[in-house]
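Have a look at the structure below before the remarks.
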Amino acid sequence: MDIAKDLALIDALCVRDFPAEHSGYHIAWLGPGDWPNASDCYAYEAALGERLTHRWGEPSGWGTVTLQERIARGEDIPEAWAILADLAVDLRTWDVPGGDRWVTLAVADRNAEEQPQLGVLVTDIDPP
C-alpha cells in the first residue's frame, strides 16, 4: 500500500485528457487490490481521504441509494456516476479547486461476496 503513489495517480488523472471510450471520466483502482481483510480497505480509504481533505477541504459525502432509484425509474444518469452507484454504497467527492474536475473515492463493496476494492473517479461531469 503506497498512499504517495496513489496520490500521484490521482494528480495525474486530474490533468490527463479523458479517453474516447470514457468520455468525461477516468476510473482507477487504488491500493494493493488484494486486501488482507475488508477493514484494511476502509482504513486505506480513510487515510487517503484525509490527505485529499487536507489538500482540497471537506468532501461532499453521499450515498448511492437515490442514484440507484433514479436509474431504476429510467432517469438518464451520466455513465461515470451510474457505474459508481452500481459498485459502491457511499461516495466522498471533492471539487478540485482551480479546475473543472471532481474527484470521488468509493469503496466498491456492494457485492458482499467479493472483496471490497477502493476506486477513484476523476470527472468533469458534475455530480447528479
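The values are calculated or read from the model by the stated rules, or taken from the named source; none is laboratory data. What you see is a predicted model; the values in this text were computed from it and never measured. Neighbour counts run over all protein chains shown; Cβ positions are idealised from the backbone, glycine included. The accessibility values were calculated without ligands, DNA or RNA, using every heavy atom of the protein model including side chains. Shrake-Rupley method; radii C 1.70, N 1.55, O 1.52, S 1.80 Å.
Here are the numbers for this structure:
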| item | result |
| --- | --- |
| Prolate/oblate/rounded label for the chain (Cα gyration tensor, a/c 1.5) | oblate |
| Prolate/oblate/rounded call for the stretch 1-53, Cα gyration tensor, a/c under 1.5 rounded | prolate |
| Contour excess over end-to-end distance, with Cα ends at Cys14 and Asp34 and 0.36 nm allotted per residue | 4.7 nm |
| Residue-normalised accessible area of the chain, given per residue in Å² at a 1.4 Å probe | 54 Å² |
| Rounded percent of accessible protein surface that carbon and sulfur make up, the chain, 1.4 Å probe | 49 percent |
| Fully extended contour minus Cα-Cα distance, from Gln68 to Lys5, at 0.36 nm per residue | 19.5 nm |
| Longest DSSP-loop-exposure-free segment, trypsin sites (Lys or Arg not before Pro), the chain, at most 13 other Cβ within 10 Å | 17-72 |
| Residues Arg55 and Arg110, FRET efficiency given R0 of 25 Å [Cβ-Cβ distance, rounded to 0.05] | 0.35 |
| Neighbour cut-off at most 11 other Cβ (10 Å), DSSP loop, GluC sites (Glu not before Pro), the stretch 46-128 | Glu75, Glu113, Glu114 |
| Percentage relative contact order, the stretch 7-128, counting C-alpha pairs under 8 Å, at least six apart | 32 percent |
